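The values are calculated or read from the model by the stated rules, or taken from the named source; none is laboratory data. Worth saying up front: this structure is predicted, and the values here are computed from it rather than measured. Virtual Cβ from ideal backbone geometry, glycine too; neighbours counted across all protein chains shown.
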Amino acid sequence: MNIDIKALRKKLKKELDKDRYEHTKGVMYTSACLAMAYQYDINKAMVAGLLHDCAKCIPNDEKIKICKKNNVEITKIEMENPFLLHSKAGAVVARKKYDITDEEILHAIKVHTTGVPNMSLLDKIVFVADYIEPKRDKAPRLEFIRKMAFKDINKCVAYISYDTLHFLKSKKGSIDPTSEVTYDYYKEYIKDDMEVVTEEKVED
Ligand SMILES: [Fe+2]
Ligand SMILES: [Fe+2]
């Protein structure tokens with residue numbers, strides 16, 4: 001049975017600021033498009049896209065509390081950068097507040113920021129949709145990444161992970177080790193296209 005997206009949207013709109021809600025709609029529809037391209041359940045993809053950032057506007061100390069209360073492990077890097085916790089806390093909030101019981105949806109929300117090795121198709125759909133939705137405009141070579149999303153989703157995950165790591169390193173920002181583990185797993189998919197990676201230089 002399909003999950004009632006209209007009811008979820010109504011509830012979620014009150015919890016997010018305007019920009020976050022606009023981004024959320026973009027991720028929801030982009031997830032639907034990717035689900036069509038890869039023959040995944042469209043309703044589930046839309047729900048996961050809609051709720052992926054449901055904990056984004058919760059204050060950081062509250063995010064930490066939610067994780068602690070629900071026995072969600074908090075890594076050192078997450079403790080230092082609690083905004084990273086919006087994915088793990090989001091999975092808890094999606095379950096408790098939005099009554100989502102589908103484990104695939106909850107997992108896609110949980111891993112959407114860093115990715116993980118060996119992601120499910122839904123995990124990859126949300127991870128990619130979050131990066132390419134129409135309102136995004138700052139990431140480098142978005143045209144290339146967007147095209148790749150519909151051509152080969154594993155390659156797309158690899159390129160997104162590569163570009164994200166490159167960006168964080170250039171900014172000397174803290175890197176969640178999970179992002180590195182994700183790239184290590186997915187780089188296999190682009191090893192024959194590595195020239196493209198180095199040729200199409202990432203603009204900082
Ligand atoms: Fe997010
Ligand atoms: Fe997002």
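Of everything in the stretch 13-23 that's part of a helix (DSSP H, G or I) and over 9 Å from Glu133 (Cα atoms), which residue is nearest to ligand 1 (Cβ to nearest atom)? Step through it out loud before you land on a result.
The initial filter retains those residues of the stretch 13-23 that are part of a helix (DSSP H, G or I), namely 13, 18-23.
Then keep just the ones that are over 9 Å from Glu133 (Cα atoms); that gives 13, 18-22.
Details: Lys13: 17, Lys18: 16, Asp19: 13, Arg20: 9, Tyr21: 13, Glu22: 14 Å.
Among them, the one singled out is Arg20.
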Residue pairs within 7 Å by beta carbon, gap of at least six or interchain, first lying in the stretch 151-172 and among the polar types (S, T, N, Q), second in a helix (DSSP H, G or I), listed first then second, are Asn154/Tyr186; Asn154/Tyr189; Ser161/Ser179; Ser161/Thr182; Ser161/Tyr183; Ser161/Tyr186; Thr164/Ser179
Within the stretch 88-101, of all residues that are more than 16 Å from ligand 1 (Cβ to nearest atom) and assigned to a helix (DSSP H, G or I), the one nearest to the chain's Cα centre (by Cα) is Arg95
Of Leu50, Leu85, the only residue that is more than 19 Å from Arg146 (Cα to Cα), in a helix (DSSP H, G or I), within 12 Å of ligand 1 (Cβ to nearest atom) and not basic (Lys, Arg) is Leu85
**Message:** Quick check on the stretch 118-125. Is at least one of its residues among the acidic types (Asp, Glu) and either more than 15 Å from ligand 2 (Cβ to nearest atom) or at pLDDT below 95 (or both)?
**Reply:** no
request  = Inspect all residues belonging to the stretch 61-79 and state whether any of them is touching a residue at least 12 places away in the same chain (Cβ under 8 Å), in a helix (DSSP H, G or I) and under 19 Å from Thr182 (Cα atoms).
outcome  = yes
Given the conditions (1) under 20 Å from Val126 (Cα atoms); (2) surrounded by fewer than 17 Cβ atoms within 10 Å (Cβ to Cβ); (3) away from ligand 2 (no atom under 15 Å from the Cβ); (4) of a type in the set (D, E, K, R), every one holds for Glu22 apart from (3)
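Test His112 against the stated conditions and say whether it is in contact with a Phe, Trp or Tyr (Cβ under 6 Å, 6 or more places away or on another chain) and either surrounded by 15 or more Cβ atoms within 10 Å (Cβ to Cβ) or modelled with pLDDT of 95 or more (or both). So that I can check it myself, show each step before the final result.
Working: in contact with a Phe, Trp or Tyr (Cβ under 6 Å, 6 or more places away or on another chain): yes; either surrounded by 15 or more Cβ atoms within 10 Å (Cβ to Cβ) or modelled with pLDDT of 95 or more (or both): yes.
Considered against the rule, which asks whether it is in contact with a Phe, Trp or Tyr (Cβ under 6 Å, 6 or more places away or on another chain) and either surrounded by 15 or more Cβ atoms within 10 Å (Cβ to Cβ) or modelled with pLDDT of 95 or more (or both), His112 comes out as yes.
Any residue at all in the stretch 102-124 that's free of Cβ contacts under 8 Å to residues at least 12 places away in the same chain and within 18 Å of Gly49 (Cβ to Cβ)? Working first, answer last.
As a first pass, look at the stretch 102-124 and keep what is free of Cβ contacts under 8 Å to residues at least 12 places away in the same chain: 103.
In the following step, the residues that additionally are within 18 Å of Gly49 (Cβ to Cβ) were identified as 103.
Yes: the stretch 102-124 contains one or more residues that are free of Cβ contacts under 8 Å to residues at least 12 places away in the same chain and within 18 Å of Gly49 (Cβ to Cβ).
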**Asked** Can you spot a residue in the stretch 137-159 that is of a type in the set (Asp, Glu), modelled with pLDDT of 95 or more and over 24 Å from Ala55 (Cβ atoms)?
**Response** yes
Within the stretch 102-149, the count of residues that are part of a loop (DSSP other than H, G, I, E, B), more than 11 Å from the chain's Cα centre (by Cα) and over 21 Å from Asp19 (Cβ atoms) comes to 7
